[in-house]
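This report concerns only the one structure given below.
Just so it is clear, none of the values below were taken in a lab; they were calculated from the coordinates. Everything quoted here is computed from the prediction, not taken from an experiment. Ideal geometry is used to build each Cβ from the backbone, glycine not excepted, and the neighbour counts take in all protein chains shown.
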Amino acid sequence: MITIDHVSKRYPGGRDALRQVSFTVAKGEMVLLTGHSGAGKTTLLRLVAAIERPTAGTITVGGQNVSRMGNRGIPYLRRNFGLVFQDHKLLHDRSVFENVVLPLRVTGFTAREAASRVRAALDKVGLLARERDNPVTLSGGERQRVCIARAIVHRPAILLADEPTGNLDADNARNIVALLDVFRQVGATILVATHDAEAFSAAAPRVITLSAGAFVA
Amino acid sequence: MTRWLANHARALRDALDRLRHPLIPTALSVIVIGSALALPLLLHLAARNLATLSGQLDAEPQLTLFLDTNATETETEAVARLLARHPAASTVRFVTRAEALADLRTSAGLGGSVDDLGRNPLPDAFVVTGREGDPTGLETLRDEAASWRKVEHAQLDALWARKLAATVRVGRVAALLLASLLGIALTAVTFNTIRLQILGRRDEIELSKLIGATDAFIRRPFLYFGLLLGAGGGLAGLGMVALAVATLNRQLSGALLLLGGVGGFSGPAISDAAAVVGVAAGLGWFGAALSVGRHLRRFEPS
């Protein structure tokens with residue numbers, strides 16, 4: 001599903017964020033990218049989501065060469081992804097419902113179908129009762145669940161999650177991992193960047209460790 | 001097609017929401033645009049009304065030579081010959097004192113008073129029109145004719161009407177120039193308003209890009225916003241002009257009646273109003289397109 005082939009990323013100034021990293025993620029697989037801060041986990045996710053381009057190497061997603069994709073194709077590529085951010089990226093001038101419905105608006109769902117899908121997604125993450133609330137009234141764990149609802153509402157083939165359990169207590173972290181595992185079980189491919197592989201042990205994912213931008217194990 | 005229409009309908013709704021929230025800055029922008037449009041529109045209307053006025057008046061300059069009441073037929077013929085030879089005279093019409101009296105009796109409604117005079121006090125006269133494209137010719141002729149034998153008085157009429165017509169032409173050009181300048185101002189106002197909108201929605205734009213929104217999808221509500229802002233400004237401008245015209249007519253109704261029976265200062269026609277709103281909406285759209293094109297590129301997801 002995702003192939004990373006000898007991918008390197010060098011930032012202006014000469015710092016190497018990734019060096020010759022190669023691995024594949026099969027359809028329906030959950031893979032953890034672990035390592036210390038600055039290991040290149042987030043950079044790798046950003047390259048897969050075509051937020052940045054690799055300096056060298058090839059990234060293929062579902063047969064498409066992401067690293068050589070033209071700018072016009074990138075929005076359509078990103079519609080195949082569900083993105084979960086450590087900082088949630090929720091819009092605080094919108095309700096929970098309005099936040100979750102955004103990917104469906106982008107892809108042109110009718111209002112009725114979108115409402116139905118948003119409620120189903122919020123139900124899955126246990127926040128249906130909070131659909132009218134503003135995200136600022138939610139706890140950190142609840143915000144992360146809203147973020148996950150937004151990531152899955154359009155039923156993407158691939159979930160990219162950057163530190164989804166960061167800053168959460170053990171209970172909330174466990175709930176998030178359980179949610180991600182449910183999506184994996186229904187066929188989603190999940191790539192997670194985390195410094196806390198222990199929190200994901202219940203889902204028994206494959207773990208890839210990076211150190212200073214290089215593949216370790 | 002349905003999806004395309006739904007996308008546009010959603011963008012339009014979004015733009016309407018952005019106009020309403022927050023309302024006060026939007027209202028201020030609309031007033032600024034309206035004022036910018038009202039100024040050239042008022043000038044255009046003033047020029048049009050003056051043109052109508054000058055059209056109702058006899059704008060063709062005429063020189064009237066009044067002869068001495070004691071002038072003999074031979075002396076009158078001598079003046080006629082001088083006029084016929086003069087290069088500034090295009091047409092010459094002789095009005096006898098009897099014809100002048102009859103005209104006074106009928107057209108001015110002074111029949112009773114004229115009859116009371118007992119005799120005809122009016123002189124014979126020549127009415128001369130000048131040649132096209134020679135505005136100063138009649139003035140020269142007037143100066144010369146004043147010294148001719150048996151010419152009592154030379155009077156040049158309607159020159160002021162010609163000057164008025166020239167003023168109207170200048171006014172129209174000024175209105176066009178002002179409209180062009182203020183059109184640029186309207187575009188600049190929309191450009192800046194959209195810039196502020198984009199800055200205020202930076203998070204939303206970045207997120208939208210991350211979840212697969214195309215540039216067209218992000219750009220569309222801003223374009224509709226510019227279009228609606230311009231159209232709103234156009235309507236506001238029309239409202240201001242209508243108010244100004246009504247006030248002007250109330251204040252100047254007496255004076256306008258004196259000027260050739262003009263009933264009042266006419267406001268913009270429906271075609272004028274449609275043009276103002278259409279052009280304002282177009283400029284709003286253009287300003288928005290410039291602004292979005294320039295500022296949206298800077299917001300890449302981080």
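Data overview
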{"read-out": "Lysines whose Cα lies under 16 Å from that of B:K209, excluding same-chain neighbours fewer than 8 positions away", "value": "A:K89"}
{"read-out": "Percent of Cα pairs exceeding the 18 Å cut-off, where the set is region B:148-222", "value": "68 percent"}
{"read-out": "As computed over region B:62-157, the Cα convex hull volume per residue (Å³)", "value": "92 Å³"}
{"read-out": "Averaged over A:99-110, number of beta-carbon atoms from partner chains that fall within 10 Å", "value": "4"}
{"read-out": "Share, in percent, of DSSP beta bridges within the protein assembly as shown that are antiparallel, nearest 5", "value": "65 percent"}
{"read-out": "Base-10 log of normalised Debye intensity for chain B (one unit scatterer per alpha-carbon) at q = 0.06, 0.08, 0.16 Å⁻¹", "value": "-0.42, -0.59, -1.18"}
{"read-out": "Helix-only mean residue ellipticity at 222 nm for the protein assembly as shown, each DSSP H run of n ≥ 4 adding -39500 (n - 2.57), per residue, nearest 500", "value": "-18500 deg cm²/dmol"}
{"read-out": "Whichever aspartates and glutamates have a C-alpha closer than 19 Å to that of B:K163, once near sequence neighbours (fewer than 8 apart) are set aside", "value": "B:D58, B:E60, B:E132, B:D134, B:E139"}
{"read-out": "Chain B: relative contact order as a whole-number percent, Cα under 8 Å and 6+ apart", "value": "30 percent"}
{"read-out": "Exercise: per-residue mean of other protein chain Cβ atoms within 10 Å, B:198-205", "value": "2"}
{"read-out": "Proximal aspartates and glutamates to A:K27, defined as alpha-carbon separation beneath 15 angstrom and excluding residues fewer than eight positions away on the same chain", "value": "A:D181"}
{"read-out": "Nearest 10 degrees, 0 to 90: helix B:2-20 Cα axis against chain B principal axis", "value": "70 degrees"}
{"read-out": "Compactness of chain A, expressed as Rg and Dmax over alpha-carbon positions, Å", "value": "17.0, 50"}
{"read-out": "Relative contact order of region B:62-157, defined on C-alpha pairs under 8 angstrom at six or more residues apart (%)", "value": "51 percent"}
{"read-out": "Cα-Cα pairs of the protein assembly as shown separated by more than 44 Å (percent)", "value": "47 percent"}
